[in-house]
Amino acid sequence: MLQTITKLASLKNFYFFCGKLLPWFAWPTLILMVVGLYWGLVEAPADYQQKDSYRIIFIHVPAAWMSLFVYMVMATSAAASMIWKTKASEVVANSCAPIGAAFTFLALATGSLWGKPMWGTWWEWDARLTSELVLLFLYLGYMALQSAFEDKRTAARATSILAIVGVVNIPIIHYSVEWWFTLHQGPTVQLLKNKQAMDTSMLIPLLIMATAFKFYYVTVLLMRSRNEILERESHSKWVQEEKERL
Amino acid sequence: MTLSEFFYMDGYYLYVWVSYGLALVVMLAQYILPLRRKRELLKQLGRKKKRGQRL
């Protein structure tokens, strides 16, 4: 086990490992997206209160879940980079930031587009919305800090600290709707609890879309990681050989 | 359900379709950007190699 991990920590092995994984995530993404979109937009019934406007949920909730999930992956990789100084974890953490920012932006934008017809406002400074906006700034701050350093290893040390400190915001986002009185509604999907506030005809497409987003995330993460490895290792022989092969 | 009913979304078409459109644009961009970057990187590698041979 330890041997496998040490092996993967070398950028060359990690590059080829990512390449092998790619099709196993790219194709399921496409299939899950098509099924999820059809189910969510066509098969699922309209909501009795919100009518068809609720269909934004199939984008909004998966994007919001991913915005938190990607941050946890980024912070875990950052912690690994600090403890073991592994380059592969630095690459993963760096690749997470722009993807996480994209998901956070989507969660905020679709939330706004949903809030206007349902709450009557595009934006409200309530705890859930504000903490999610802070998350967007954390991702953007990570990217800015990373590009501020010439040397990748020095940059990794600085960005790792930022990523780890920012973890504080994650439980705040998650529990914001319970701790404070918010305009944003409380959690609808609680798979671990028995009572289910959402009908299965809507819950199933939501879970399919959430899985599709997760596969999509891994796909683009692998692509970005491979690019950064090529960039970092551009002087080594194996990269030149890889270039010949492509 | 007719096709026009589907696109009308009970009158919420603007909010629903802008949301889905945004998701499409952002997620396609996140897919295409690394593809482009890869092509760019490989091109740069080729140049570096040629320079190396001349020296």
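Computed values, structure above
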item	result
Considering residues of segment A:98-127 that are among the aromatic types (Phe, Trp, Tyr) and either closer than 18 Å to B:Trp17 by Cα or not in a helix (DSSP H, G or I) (or both) only, the residue nearest to the chain's Cα centre (by Cα)	A:Phe103
Filtered residue count, segment A:209-246, keeping only those that are outside any helix (DSSP H, G or I) and either of a type in the set (D, E, K, R) or within 7 Å of chain B (Cβ to nearest Cβ) (or both)	3
Residue within segment B:34-43 that is at pLDDT 95 or above and aliphatic (A, V, I, L, M) present	yes
Selection within segment B:4-39 - more than 17 Å from A:Asp52 (Cβ to Cβ), at the interface with chain A (Cβ under 9 Å from one of its Cβ atoms) and not aliphatic (A, V, I, L, M)	B:Gln30, B:Tyr31, B:Pro34, B:Arg37, B:Lys38
Tally, over segment B:8-43, of residues that are part of a helix (DSSP H, G or I) and closer than 23 Å to A:Val61 by Cβ	22
Qualifying positions in segment A:36-67 - free of Cβ contacts under 8 Å to residues at least 40 places away in the same chain and hydrophobic (A, V, I, L, M, F, W, C)	A:Leu41, A:Val42, A:Ala46
Yes/no for A:Glu150 being closer than 30 Å to A:Arg226 by Cβ, acidic (Asp, Glu) and modelled with pLDDT of 95 or more	no
Scan of segment A:136-157 for residues that are more than 18 Å from the chain's Cα centre (by Cα), assigned to a helix (DSSP H, G or I) and surrounded by 14 or more Cβ atoms within 10 Å (Cβ to Cβ), ordered by number	A:Leu145, A:Gln146, A:Lys152, A:Ala155, A:Ala156, A:Arg157
Unique residue being over 19 Å from A:Tyr216 (Cβ atoms) and buried (at least 18 other Cβ atoms within 10 Å of the Cβ) when the list is A:Ala79, A:Ala44	A:Ala44
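The values are calculated or read from the model by the stated rules, or taken from the named source; none is laboratory data. All figures in this text were calculated on a predicted structure; none of them were measured in a lab. Cβ: placed from backbone, ideal geometry, glycine included. Neighbour counts: every protein chain shown.
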